[in-house]
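Working notes, beginning with the structure itself.
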Amino acid sequence: MGDWRDPATGDNIRTFTLLTCEPNPLMATIHNPMPVILTPEDYMTWLTTPTRNIS
């Protein structure tokens, strides 16, 4: 979660991002896509791994 400042008004707007992926077998029966689930041991990898363009 974070704040975004509207350049036109200067107002702070609370924002968040939801990442999704292909569903696992359990979720595939009820929903596609499903949220990405990170375990606590993956937090630092997620936050510190450089991004790459995979177009």
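Worth a mention:
- Qualifying residue in the stretch 40-48 (condition: within 11 Å of the chain's Cα centre (by Cα) and modelled with pLDDT of 90 or more): no
- All of (1) out of contact with any Asp or Glu (no Cβ under 7 Å at 6 or more places or on another chain); (2) open to solvent by less than 80 Å² (accessible area, probe 1.4 Å); (3) not small (Gly, Ala, Ser) hold for Thr9 with one exception: (2).
- Selected residue (criterion: least open to solvent (accessible area, probe 1.4 Å)) from residues of the stretch 20-36 that are hydrophobic (A, V, I, L, M, F, W, C), in contact with a strand residue (DSSP E or B) (Cβ under 9 Å, 6 or more places away or on another chain) and not in a helix (DSSP H, G or I): Met34
- All of (1) over 14 Å from the mean Cα position of the chain (by Cα); (2) in a loop (DSSP other than H, G, I, E, B); (3) touching a residue at least 12 places away in the same chain (Cβ under 8 Å) hold for Asp3 with one exception: (2).
- Out of Thr51, Thr17, one residue alone is open to solvent by 100 Å² or more (accessible area, probe 1.4 Å), modelled with pLDDT under 90, more than 13 Å from the chain's Cα centre (by Cα) and of a type in the set (Val, Ile, Thr). It is Thr51.
- Looking only at the stretch 37-48, residues that are surrounded by 10 or more Cβ atoms within 10 Å (Cβ to Cβ) and not in a loop (DSSP other than H, G, I, E, B) come to 3 in all.
The values are calculated or read from the model by the stated rules, or taken from the named source; none is laboratory data. Computed from a predicted structure; not experimentally measured. Methodologically, a virtual Cβ is constructed for each residue, glycine included, from the backbone with ideal geometry; neighbour enumeration extends over all protein chains shown. Calculation scope for accessible area: heavy atoms of the full protein, side chains included, ligands and nucleic acids excluded. Shrake-Rupley method; radii C 1.70, N 1.55, O 1.52, S 1.80 Å.
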